1. Among the residues of the stretch 94-129, how many are surrounded by 11 or more Cβ atoms within 10 Å (Cβ to Cβ) and not in a loop (DSSP other than H, G, I, E, B)?
2. Does residue 78 satisfy the condition of being exposed (fewer than 14 other Cβ atoms within 10 Å of the Cβ), modelled with pLDDT under 95 and closer than 16 Å to residue 37 by Cα?
3. Would you point out the residue of the stretch 75-93, among those that are touching a helix residue (DSSP H, G or I) at 6+ places or on another chain (Cβ under 9 Å) and not in a loop (DSSP other than H, G, I, E, B), that is farthest from residue 50 (Cα to Cα)?
4. For the stretch 2-49, how many residues are over 25 Å from the mean Cα position of the chain (by Cα) and surrounded by 12 or more Cβ atoms within 10 Å (Cβ to Cβ)?
5. Has the stretch 98-116 got at least one residue that is closer than 27 Å to residue 27 by Cβ, at pLDDT below 90 and out of contact with any helix residue (DSSP H, G or I) (no Cβ under 7 Å at 6 or more places or on another chain)?
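The values are calculated or read from the model by the stated rules, or taken from the named source; none is laboratory data. From a predicted model like this one, the values you see are computed outputs, not experimental measurements. Don't worry about glycine lacking a Cβ; one is built from the backbone with ideal geometry, like all the others, and counts go over all protein chains shown.
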């Protein structure tokens, strides 16, 4: 039995808004790291040293420098590819989520079999894990 909290948290925004803000700050943090890399380069550190100081590989450092030289500050913003569309529609994902509510713990291999049986779609175990994570 858990003890009643003395200072409960007040919900000042929805979970969706909170998650959206977290993603935005994480995005800005990536830009900040890249700016530090550029700052180290300005101070005369090599690409390898600057990369090490910012926790990335030398190869990534060269990519960031090339983008900086070509595009300046806007070149440091992450560029996310759209990726391949899901083989499952949003309706199918909703249906899968309802199926998975039947019990608390599922093996990834069991979920893979459910997807194959119900939607005739074959995923790798790794992709099934990604799908499961996206449903929660």
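1. Counting residues in the stretch 94-129 that are surrounded by 11 or more Cβ atoms within 10 Å (Cβ to Cβ) and not in a loop (DSSP other than H, G, I, E, B) gives 20.
2. Considered against the rule, which asks whether it is exposed (fewer than 14 other Cβ atoms within 10 Å of the Cβ), modelled with pLDDT under 95 and closer than 16 Å to residue 37 by Cα, residue 78 comes out as yes.
3. Selected residue: 92.
4. Adding up the residues that qualify gives 8.
5. no
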